[in-house]
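Notes follow the structure.
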Amino acid sequence: RAGPGSKKGRVWIYLDREGRHAYDFSDSRKSNRPQTILGGYRGAIHADAYPGYDQLFVPEGATEVACWAHTRRKFLDAEGSESKLAKEAIERIGELYAIERAAKESELDDEARHALRQEHSRPIADELFAWMAATQATVLPKSPMGVALNYALKLETALRRYLDNGRLSIDNNAAERALRAVAVGRKNWLFFQTEGGRATAVVLLSLVMTAKSIGVDPRVYLRDVMLRIARETDVAKLTPHGWREHFQAEVEAERDAALAYYAGQ
């Protein structure tokens, strides 16, 4: 239990296609935090339907790309009361995901992924949204199925956006996975002790998770960076991506040479 003077906080995650993870901390889940980080951004943003993001998706602002995984969960919640309808929606969404798996297994580039979606995913999405619009009139608006249908139909434009750009993902599960590191270790770092501690924690988490996402051993990376930081003037070279480009081969060669030496080779 939190003691006197303790505060609850929120950890946010922002990441890009190249695996850069930027964690942030705030005292609450108020919408001003995403605005502080992403205000002025004009690209596409994958996000759930949290209302706090709405101020980012204004005219001349960022483009909303909604998450099909969150949409699917709404229909999973409806299985208990409207099993047949919920399963039909889940199966249709599953067809969209099957196409994404095929694209990944075939290692398609962005252009080829876009063409595949146009040919196969778009007709499925068209039928799915038509089915949802027709089904919505047959269920109670406040029932779990009604809530799921309203959620999906309200986000139709944003849910369709991934179809038109091969760079975009069908969901924002990458962010969900990135936050799992926080959830799994929650009991180990329940308290940051100080406000400065929380700032240090999210910086370290950003570095570690970015390194892991691009195939760099965080322990090797952090140890080497600590040795270089006093003499390296280009900070960009000390980021996980910069370190991989400029120093990883050197560090691995030194390690292999040392292992060979001690092995008597």
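The values are calculated or read from the model by the stated rules, or taken from the named source; none is laboratory data. Note that the structure is a prediction, hence the values are computed from the model and not measured. So basically every Cβ, Gly included, is an ideal-geometry build from the backbone, and we count neighbours across all protein chains shown. Protein only, heavy atoms only, side chains kept; ligands, DNA and RNA dropped before computing areas. Shrake-Rupley method; radii C 1.70, N 1.55, O 1.52, S 1.80 Å.
Working carefully through the options S121, S83, find the one that is among the hydroxyl-bearing types (S, T, Y) and free of Cβ contacts under 8 Å to residues at least 24 places away in the same chain. Walk me through it before giving the result.
Numbers: S121 fails: free of Cβ contacts under 8 Å to residues at least 24 places away in the same chain.
Every option except S83 fails the conditions.
For the subset of the stretch 70-89 comprising residues that are assigned to a helix (DSSP H, G or I) and of a type in the set (S, T, N, Q), which member is modelled with the lowest pLDDT?
Out of the qualifying residues, it is S83.
Consider the stretch 28-45. How many of its residues are in contact with a Ser or Thr (Cβ under 6 Å, 6 or more places away or on another chain) and either open to solvent by 60 Å² or more (accessible area, probe 1.4 Å) or assigned to a loop (DSSP other than H, G, I, E, B) (or both)?
Looking only at that region, the number is 1.
Pairs under 7 Å by beta carbon, first residue more than 19 Å from E79 (Cβ to Cβ) in the stretch 90-111, partner polar (S, T, N, Q) and open to solvent by less than 90 Å² (accessible area, probe 1.4 Å), six or more apart or different chains?
I99/S121
Hey, among the residues in the stretch 236-260 that are in a helix (DSSP H, G or I) and in contact with a Ser or Thr (Cβ under 8 Å, 6 or more places away or on another chain), which one's nearest to Y221 (Cα to Cα)?
P240
Test R92 against the stated conditions and say whether it is at pLDDT 95 or above, of a type in the set (K, R), part of a helix (DSSP H, G or I) and open to solvent by less than 60 Å² (accessible area, probe 1.4 Å).
yes
When residues of the stretch 132-173 are filtered for being aliphatic (A, V, I, L, M), surrounded by fewer than 18 Cβ atoms within 10 Å (Cβ to Cβ) and either in contact with a Gly (Cβ under 9 Å, 6 or more places away or on another chain) or outside any helix (DSSP H, G or I) (or both), how many remain?
2
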